[in-house]
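Notes follow the structure.
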Amino acid sequence: MSGTPTPISWDYRGARVLITGGSHGIGRALAERFAVAGADVTITGRRARAIDYDRDLSRFRYLTLDLEDVRSLDELPRSFGALDILVNNAGETFPGGGDPWDPNHFERAVTVNLCSVFRLSMACLPLLRASEWAGGASVIGIASTTSFVGYPLTPGYGAAKAGLVTLVKTLAAEWGRYGIRANAVAAGTIETNMGGGTPIREEATGWTRAFFARTPLRRVGTAEDVAGAVLFLCSAEAGYVTGETLLVDGGYLATTWEIADSDAMLAQLRTPNATR
């Protein structure tokens, strides 16, 4: 099966949604899907104004947020009268550039990708507790396949995303009493501008070829793939789901085998043994 599936029509009329890092990539797709479904969507970004981006963000409320600024994180919820869904999407693979194995870079990566999530979630807790959204208020984290396997290029990012998986379990355990659900979506290789906007193709060399060789669905993910999973987790249909991390990776972590290797092995097993 190929092609882009038709998105499910969700009804989020009346929902107040905050998506960090909503100006591009997965965050932008999330904002669009929630808005189409009728939600009142606020996005954040690092620039001073929405018009400072080279894309139309006019359908969303825009707020500036610096993930490394404690005051910015603590004060952001004061801009809301109510909130039903918090999507902690913003993050950076290589915050500030530099050597990812430098301890200072590691600390910065964890601050950007994990500590900011906890601080903002805590700051939003009073608003989420007051929510009357069907299925309960939701906190969503955007995790990664690096939450589960080691990736030498991003030690800090991977450690933070691994921590995020446990953080949503802890929030779920503690905040369930308030009717708040906490879940995560672990995104695999997604074609967004986090990777510099370079298309990822099967005929490429190096790591991209290895990726396709191991991915059962034999395609790169899209921001829409992630958005669909998030909208499900925040819906009343997932009202009894909390503390979970949903992998959206095309089956990459479902197997340690390269697809070509498994095909060859099956062919060999199906070949009659001449000695029998």
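Restricting attention to region 168-218, the residues being over 30 Å from G136 (Cβ atoms) and either modelled with pLDDT of 65 or more or among the acidic types (D, E) (or both) number 15. I'd like to check something: does region 74-95 contain any residue that is under 22 Å from the mean Cα position of the chain (by Cα), of a type in the set (F, W, Y) and over 16 Å from G228 (Cβ atoms)? Scanning region 74-95, I find at least one residue that is under 22 Å from the mean Cα position of the chain (by Cα), of a type in the set (F, W, Y) and over 16 Å from G228 (Cβ atoms), so the answer is yes.
Screening P95 with (1) crowded, with 16+ Cβ neighbours inside 10 Å; (2) out of contact with any helix residue (DSSP H, G or I) (no Cβ under 6 Å at 6 or more places or on another chain); (3) modelled with pLDDT under 95 gives one miss only, at (2).
Considering the conditions (1) over 22 Å from A31 (Cβ atoms); (2) acidic (D, E); (3) surrounded by 17 or more Cβ atoms within 10 Å (Cβ to Cβ), D84 is excluded by exactly one of them, (1). Taking the conditions exactly as written (modelled with pLDDT of 60 or more and of a type in the set (V, I, T)), does T275 satisfy them or not? No, not satisfied.
Within region 126-182, the set of residues being part of a loop (DSSP other than H, G, I, E, B) and farther than 24 Å from G221 by Cβ comprises A130, S131, E132, W133, A134, G135, G136, G179. Residues that are in contact with a Ser or Thr (Cβ under 7 Å, 6 or more places away or on another chain) and over 16 Å from A229 (Cα atoms) within region 25-45 comprise I43, T44, G45, listed in sequence order. Scanning region 1-36 for residues that are of a type in the set (G, A, S), more than 19 Å from the chain's Cα centre (by Cα) and either surrounded by 12 or more Cβ atoms within 10 Å (Cβ to Cβ) or modelled with pLDDT of 95 or more (or both) yields G14, A15.
The values are calculated or read from the model by the stated rules, or taken from the named source; none is laboratory data. If you're wondering where the values come from, they're calculated on a predicted model, not measured in any experiment. Please note: Cβ atoms are built from the backbone with ideal geometry, for glycine as well, and neighbour counts cover all protein chains shown.
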